[in-house]
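Accompanying notes for the structure given below.
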Amino acid sequence: MSSTRGDESTPLPIRIHQHLVLATSPGTVHPHGVGATWSQHAVLMRGLDTPVATPQGAPDPATGAVAVALDSGLPPRGPIEFPARIGEVPGTLGKAEGAWLFTPEDPAATVREGTLVSALAERVAEARQVLWMGKNNITQVDQVLEDTHRMWEATATPEEDTLVLGQWATSNDPVGSATGDALAQVNATQAERYGAHFVDLQSLFTSEAGLGCAPLAPLRLFEQGSTQDAIAQGVAPPLLVARDSIHLNGWGNLAVGWALIRRMRVLGWL
């Protein structure tokens with residue numbers, strides 16, 4: 001939910017988490033979404049996976065930062081960075097030059113092989129959660145479903161405290177494509193599994209009712225030829241998609257924020 005391209009197309013940048021901040025005020029929003037990551041990275045950041053981390057090479061003499069390898073074999077992706085500890089040493093896990101990099105809080109600390117545990121779990125222990133994960137590894141259908149459900153169960157009362165956002169198809173995911181079929185399978189399973197706690201964004205972006213929702217009504221999307229072509233392929237209209245063809249633009253983010261906040265109100269979260 002990092003709203004990577006939310007500065008495209010709308011007069012002002014639209015960031016989903018910022019809309020949640022306004023809607024939930026005076027509550028607190030923890031925007032932990034990281035773009036370009038897989039569902040496995042979300043599980044790692046949530047503290048549900050605790051792999052063994054082994055230092056690789058010598059630490060930086062100034063910062064103590066050292067490359068580490070995880071025994072899970074999971075590589076770093078995107079701009080991932082989060083607070084964690086290895087053994088008893090607290091610090092930050094990020095990436096540099098394609099490898100995991102652990103920077104201890106104390107540059108003089110010695111980082112030895114040990115269990116890696118994310119500190120984010122402590123920060124969000126009492127929070128409700130919104131999950132939007134798995135698009136970047138969507139063809140690993142079983143993995144995405146398993147990881148999302150592990151995240152679902154991470155709260156004290158998952159059936160009350162978790163919302164799952166469905167995936168939406170880009171022009172790279174038309175009906176009949178490997179990614180399009182995987183996306184449809186994940187959405188169908190999660191819609192059945194989570195009921196009212198699942199928000200169907202694919203329908204939002206490919207149905208007349210969805211494209212006519214309050215924030216999108218001024219665009220008159222259903223009257224556009226490009227919209228009809230997109231719907232025929234089962235993908236989101238180009239007027240809601242960023243120039244890179246894989247992220248939503250400001251209008252798309254505005255619609256997602258509207259749908260999310262609307263559902264939160266129905267569920268009594270707001």
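The values are calculated or read from the model by the stated rules, or taken from the named source; none is laboratory data. What you are looking at is a predicted structure, and each value in this text was computed from that prediction instead of being measured. When we count neighbours, we look across all protein chains shown, and the Cβ atoms used for this are built from the backbone with ideal geometry, even at glycine. For accessibility, only protein heavy atoms count, side chains too; no ligands or nucleic acids. Shrake-Rupley method; radii C 1.70, N 1.55, O 1.52, S 1.80 Å.
Positive-end ranking of Ala53, Pro76, Thr115 along the dipole of the stretch 47-122, with charges on Cβ about the Cα centre, is headed by Pro76.
In this structure, the amide hydrogen of Leu101, modeled 1.01 Å from its nitrogen in the peptide plane, lies closer than 5 angstrom to those of Val68, Gly94, Lys95, Ala96, counting only residues at least 5 positions away or on a different chain.
Between Asn249 and Val241, Ala242, the built amide H atoms are under 5 Å apart, and every one of these is 5 or more places off in sequence or on another chain.
Based on the reciprocal of the average 1/r between different C-alpha atoms, the Kirkwood radius for the chain equals 19.8 Å. Among the trypsin sites (Lys or Arg not before Pro) in the stretch 165-270, those placed in a DSSP loop whose Cβ has at most 15 other Cβ atoms within 10 Å are Arg220, Arg243. With Cα atoms defining each centre, the stretch 66-101 and the stretch 227-270 are spaced 32 Å apart in the structure. Spin-label model, Ser226/Ala191: points 7 Å from Cα along the beta carbon direction are separated by 2.7 nm. Potential lengthening of the chain between Thr54 and Ala96 amounts to 13.5 nm, from the contour at 0.36 nm per residue minus the alpha-carbon distance. Within the listed set Pro90, Pro238, Pro79, the Gaussian network model of the chain (springs between alpha-carbon atoms below 10 Å) gives the highest mean-square fluctuation for Pro79.
Considering only protein heavy atoms and a 1.4 Å probe, what is the carbon-and-sulfur percentage of the accessible area of the stretch 222-270? Present the calculation step by step, with values, prior to reporting the outcome.
Details: 1180 of 2330 Å².
For the stretch 222-270, the apolar C and S fraction of the accessible surface comes to 51 percent.
Considering every alpha-carbon pair of the stretch 159-270, the percent of pairs per 5 Å bin, from zero through the bin containing the longest distance, is 2, 12, 22, 24, 20, 13, 6, 1, 0.
Given Cα positions, please report Rg to Rh for the stretch 47-122, the hydrodynamic radius being the Kirkwood one.
Values: Rg = 11.0 Å, Rh = 12.1 Å.
In the stretch 47-122, Rg relative to Rh is 0.91.
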